[in-house]
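Worksheet for the structure shown next.
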Amino acid sequence: MSVLVESIELRLVGIPMTRSLRTSTGVMENSKTTVIVVLRTSEGLKGFGESAAQGSPTYSEETSYTCYEVLRRHLCPRVLGRAVFSVGEFVDGYRDVRGNQFAKSGLEAAFWDVLSQQSGVGMKTLMGGTRHEVEVGEAIGICDSVDALLAEVDARLREGYKRVKLKIQPGWDLEPVRAVRGAFPECRLMVDANGAYHLSDSRVFARLDSLNLMMIEQPLGYADIVDHAALQRQLATPICLDESIRSLEGARQALQIGACGVINVKPGRVGGVLEAIRIHDLCMAWGVPAWVGGMMESGIGRASNICVASLPAFSLPADMSPASMYFESDLVEPTFAVEEGIVQVPEGIGLGFEVAEARLQAYTLASTTVTE
Ligand code: MG
């Protein structure tokens, strides 16, 4: 059975946020801008996907605004009116477009939704997911004081989250991490620098190395793997790469030079679910643990990420904050729940969640429909 895409609706959306997250690259805006892709087929099916880049280019070069434009001008026209039989064929339609991974990932996610509906096979099963539930950890931003941080960690652990990730930056590293380790000696703890350090800062990491951390995420430059390999040789704690891994090729090169011992896989950052699955398979072959990260997607983006996170080699807790942690309200109704640090994997057809279309409309900042 083939799928013929007839039209693609793009929505640039702003979801009001009730709290913010501070990382080494800055504070998130007070609204989450994201792009929702609505794909319609000749059979009358409708699939949803999300390109969840940020409003500003401080995580990657892409923003929600570049996603919207690249989808409108370059990606959507390449997939309209072409009958395709598989995700691989669909993605081949825009293989000549370089980069723009987040933009591509939203389009591909909408196709998975349609494919699941057309085939009557659940999205999790289509993707090769095996788990019924996924363990979730929580990321805690840079706080105003160590006391505030300890209170936050305590609250999250009481809620049952399976690991705690502390955002760090120069000047907010050893002292807060030691304090948390001292107060919670048993907790599964990791840090994420979002690329804020240089190889010359390796003394900080030598000290963090003795604090029994699960991993140190993206300590050095956002596009680097060479210096990460040098740093990894000095540390017993595994380095986890996030920003630096943009593709299967990039992941293979990082593993080959020993730049990391763990990979954080975000389908958006690597161009879509298909590439995320390929990186998953690579990690499995190498015996390298991996996990699924998040970009504060709405429930639409989370739905497919949860299915991806149910693949077997994603053995470490995922970043999957419930929408209620940051958003005024979600784009799916009901939103997904995290209970005792566990999220249930949708077993149904398609997204597995009902899109709240009135709210999607209310939060829309701009929209357009691309047809042949
Ligand atoms: Mg990260």
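Among the residues of the range 34-52, is any under 18 Å from the mean Cα position of the chain (by Cα) and over 21 Å from ILE300 (Cα atoms)?
So in the range 34-52, the residues under 18 Å from the mean Cα position of the chain (by Cα) come out as 34-37, 48-52.
Adding the requirement that they be over 21 Å from ILE300 (Cα atoms) leaves none.
Within the range 34-52 (the criterion being under 18 Å from the mean Cα position of the chain (by Cα) and over 21 Å from ILE300 (Cα atoms)), the answer is no, since none of the residues qualifies.
Could you grab me the full set of residues in the range 346-358 that are open to solvent by less than 40 Å² (accessible area, probe 1.4 Å) and in contact with an Asp or Glu (Cβ under 6 Å, 6 or more places away or on another chain)?
Narrowing the range 346-358 to residues open to solvent by less than 40 Å² (accessible area, probe 1.4 Å): 346, 348, 350-351, 355-356.
Matches in the range 346-358: GLY350, LEU351, ALA356.
Looking only at residues in the range 122-170 that are under 30 Å from VAL3 (Cβ atoms) and open to solvent by less than 50 Å² (accessible area, probe 1.4 Å), which one is farthest from the chain's Cα centre (by Cα)?
Filtering first and then ranking leaves GLY122.
Select from the range 253-267 the residues that are open to solvent by 10 Å² or more (accessible area, probe 1.4 Å), within 9 Å of HIS228 (Cβ to Cβ) and touching a strand residue (DSSP E or B) at 6+ places or on another chain (Cβ under 9 Å) and list them in ascending order.
Listed by number, the list holds a single entry, CYS260.
Enumerate the pairs (first residue in the range 271-288 and on the phi > 0 side of the Ramachandran plot; second residue anywhere and open to solvent by 60 Å² or more (accessible area, probe 1.4 Å)) with beta-carbon separation below 8 Å, excluding pairs fewer than 6 apart on the same chain, so at least 6 apart or on different chains.
If the second residue must be open to solvent by 60 Å² or more (accessible area, probe 1.4 Å), the pairs left are GLY271/ARG246.
When the residues of the range 9-29 are narrowed to those that are of a type in the set (Val, Ile, Thr) and outside any strand (DSSP E or B), which ends up least open to solvent (accessible area, probe 1.4 Å)? Show your work before the answer.
Within the range 9-29, the subset of a type in the set (Val, Ile, Thr) is 13, 15, 18, 23, 25, 27.
Going one step further and asking which of them are outside any strand (DSSP E or B), we end up with 18, 25.
On the way: THR18: 93, THR25: 64 Å².
Across the range 9-29, the extreme among qualifying residues is THR25.
Just to verify a result, which residue in the range 280-301, among those that are within 22 Å of THR63 (Cα to Cα) and open to solvent by less than 10 Å² (accessible area, probe 1.4 Å), is nearest to the ligand (Cβ to nearest atom)?
Going through the range 280-301, the residues within 22 Å of THR63 (Cα to Cα) turn out to be 292-301.
Within this subset, residues satisfying the condition of being open to solvent by less than 10 Å² (accessible area, probe 1.4 Å) are 292-293, 298-301.
On the way: VAL292: 12, GLY293: 6, SER298: 19, GLY299: 21, ILE300: 21, GLY301: 16 Å.
Only one residue tops the list, namely GLY293.
Any idea which of (1) away from the ligand (no atom under 15 Å from the Cβ); (2) within 13 Å of the chain's Cα centre (by Cα); (3) open to solvent by 10 Å² or more (accessible area, probe 1.4 Å); (4) among the small types (Gly, Ala, Ser) is the one SER315 doesn't satisfy?
(2)
Keeping to the range 180-200, report how many residues are crowded, with 16+ Cβ neighbours inside 10 Å, away from the ligand (no atom under 13 Å from the Cβ) and without any contact (Cβ under 8 Å) to a residue 40 or more places away in the chain.
Narrowing the range 180-200 to residues crowded, with 16+ Cβ neighbours inside 10 Å: 180-181, 187-197, 199.
Now restrict to residues that are away from the ligand (no atom under 13 Å from the Cβ): 180-181, 187-189, 197, 199.
The next check asks that each one be without any contact (Cβ under 8 Å) to a residue 40 or more places away in the chain; those that pass are 180-181, 187, 189, 197, 199.
So the count comes out to 6.
What do you reckon, is THR25 more than 21 Å from ASP113 (Cα to Cα) and among the polar types (S, T, N, Q)? Full working, then the answer.
Values: more than 21 Å from ASP113 (Cα to Cα): yes; among the polar types (S, T, N, Q): yes.
Spelling it out, THR25 is indeed more than 21 Å from ASP113 (Cα to Cα) and among the polar types (S, T, N, Q).
If you go through the range 201-230 one residue at a time, how many are farther than 25 Å from GLU275 by Cα, more than 16 Å from the ligand (Cβ to nearest atom) and aliphatic (A, V, I, L, M)?
Summing the residues that are farther than 25 Å from GLU275 by Cα, more than 16 Å from the ligand (Cβ to nearest atom) and aliphatic (A, V, I, L, M) in the range 201-230 gives 4.
Quick one: which residue in SER247, SER329, SER324 is away from the ligand (no atom under 16 Å from the Cβ), open to solvent by 10 Å² or more (accessible area, probe 1.4 Å), more than 30 Å from ARG359 (Cα to Cα) and hydroxyl-bearing (Ser, Thr, Tyr)?
Numbers: SER329 fails: more than 30 Å from ARG359 (Cα to Cα); SER324 fails: more than 30 Å from ARG359 (Cα to Cα).
Being away from the ligand (no atom under 16 Å from the Cβ), open to solvent by 10 Å² or more (accessible area, probe 1.4 Å), more than 30 Å from ARG359 (Cα to Cα) and hydroxyl-bearing (Ser, Thr, Tyr) holds for just one of SER247, SER329, SER324, which is SER247.
Quick check on the range 30-41. Is at least one of its residues under 23 Å from MET325 (Cβ atoms), among the polar types (S, T, N, Q), open to solvent by 30 Å² or more (accessible area, probe 1.4 Å) and part of a strand (DSSP E or B)?
Taking the range 30-41 as the starting set, the residues that turn out to be under 23 Å from MET325 (Cβ atoms) are 30-36.
So of that shortlist, the ones also among the polar types (S, T, N, Q) come out as 30-31, 33-34.
Narrowing the set further to residues that are open to solvent by 30 Å² or more (accessible area, probe 1.4 Å) leaves 30-31.
This time we only want the ones that are part of a strand (DSSP E or B), so: 31.
The answer is yes; a qualifying residue exists.
Output the number of residues of the range 62-105 satisfying the condition of being in a loop (DSSP other than H, G, I, E, B) and either surrounded by fewer than 16 Cβ atoms within 10 Å (Cβ to Cβ) or in contact with a Phe, Trp or Tyr (Cβ under 7 Å, 6 or more places away or on another chain) (or both). Before the answer, list the steps.
So the first thing to find is which residues in the range 62-105 are in a loop (DSSP other than H, G, I, E, B), and the list is 62-63, 80-82, 85-86, 93-100.
Okay, now just the ones that are also either surrounded by fewer than 16 Cβ atoms within 10 Å (Cβ to Cβ) or in contact with a Phe, Trp or Tyr (Cβ under 7 Å, 6 or more places away or on another chain) (or both), so 62, 81-82, 85-86, 95-99.
Of the residues in the range 62-105, 10 are in a loop (DSSP other than H, G, I, E, B) and either surrounded by fewer than 16 Cβ atoms within 10 Å (Cβ to Cβ) or in contact with a Phe, Trp or Tyr (Cβ under 7 Å, 6 or more places away or on another chain) (or both).
Go through (1) under 18 Å from LEU365 (Cα atoms); (2) assigned to a loop (DSSP other than H, G, I, E, B) one by one and return the number of the condition THR58 breaks.
(1)
Here are LEU220, LEU241: which of them is modelled with pLDDT of 95 or more, buried (at least 24 other Cβ atoms within 10 Å of the Cβ) and out of contact with any strand residue (DSSP E or B) (no Cβ under 7 Å at 6 or more places or on another chain)? Quick ask: steps written out before the conclusion?
Values: LEU241 fails: out of contact with any strand residue (DSSP E or B) (no Cβ under 7 Å at 6 or more places or on another chain).
The match here is LEU220.
The values are calculated or read from the model by the stated rules, or taken from the named source; none is laboratory data. Fair warning: this is a prediction, and the values are worked out from it, not measured in the lab. For neighbour counting, all protein chains shown are included, and Cβ atoms are generated from backbone atoms with ideal geometry for every residue, glycine included. Please note that ligands, DNA and RNA were not included when accessible areas were found on the heavy atoms of the full protein model with its side chains. Shrake-Rupley method; radii C 1.70, N 1.55, O 1.52, S 1.80 Å.
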